[in-house]
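Structure first, commentary second.
Every read-out reported here was derived from the displayed coordinates using simple, explicitly stated rules and does not represent laboratory data. Only a predicted model underlies this, so the values are computations on that prediction, with no experimental measurement involved. Cβ: placed from backbone, ideal geometry, glycine included. Neighbour counts: every protein chain shown.
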Amino acid sequence: MGPIDTWGAACEELLTKVAEAKELDAIPSENAEGFWKEALTAFEHGGDECVAGAEADDQPRASAGIREVQKGIGRLASTTSMIANDLKAE
């Protein structure tokens with residue numbers, strides 16, 4: 001089992017978590033809603049590309065998916081910061 005196999009399994013798990021997150025109630029910050037949606041979109045698109053690349057043994061495609069997931073992590077960080085700021089302001 002090589003790194004690409006590990007990536008594929010991790011990205012499949014991420015996609016499962018994204019599907020679960022989409023079913024959650026709205027986040028407690030209207031200001032952060034756009035960043036939250038962008039994060040989920042990046043995780044979903046990147047996860048799909050990562051899994052497809054891993055299944056095809058196409059490392060560049062899997063890597064591109066991982067880079068997209070990393071963008072989602074940045075959006076998620078923005079989301080949590082905005083929620084924290086909104087909660088402090090209450």
#### Entry: Dipole in debye (nearest 20) - the chain, about Cα centre, beta carbon charges: Lys, Arg +1; Asp, Glu -1
340
#### Entry: Zone residues, segment 4-38, relative to Lys71, backbone N less than 13 Å from point 7 Å out along Cα-to-Cβ
38
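Any chance you could count the Lys pairs in the chain whose alpha carbons are under 20 Å apart, treating pairs 8 or more apart or on different chains as valid?
Lysine pairs, 8 or more places apart or on different chains, close enough: 5.
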### Summary
Out of Ala89, Gln59, Phe43 - ranked by how far each Cα lies towards the positive end of the dipole of segment 37-90, with unit charges on the beta-carbon of charged residues - the top one is Ala89
### Message
Show me, for segment 77-89, the HN-Hα J-couplings you get by feeding each phi into the Karplus relation (A = 6.51, B = -1.76, C = 1.60, θ = phi - 60°), rounded to Hz, glycine and proline as x.
### Response
4, 5, 4, 5, 5, 5, 5, 4, 5, 5, 5, 5, 6
### Query
Mind listing the phi-derived Karplus ³J(HN,Hα) values for segment 44-61, rounded to whole Hz, using 6.51, -1.76 and 1.60 with θ = phi - 60°, and x for any glycine or proline?
5, 5, x, x, 4, 5, 4, 4, 4, x, 5, 5, 8, 6, 10, 4, x, 5
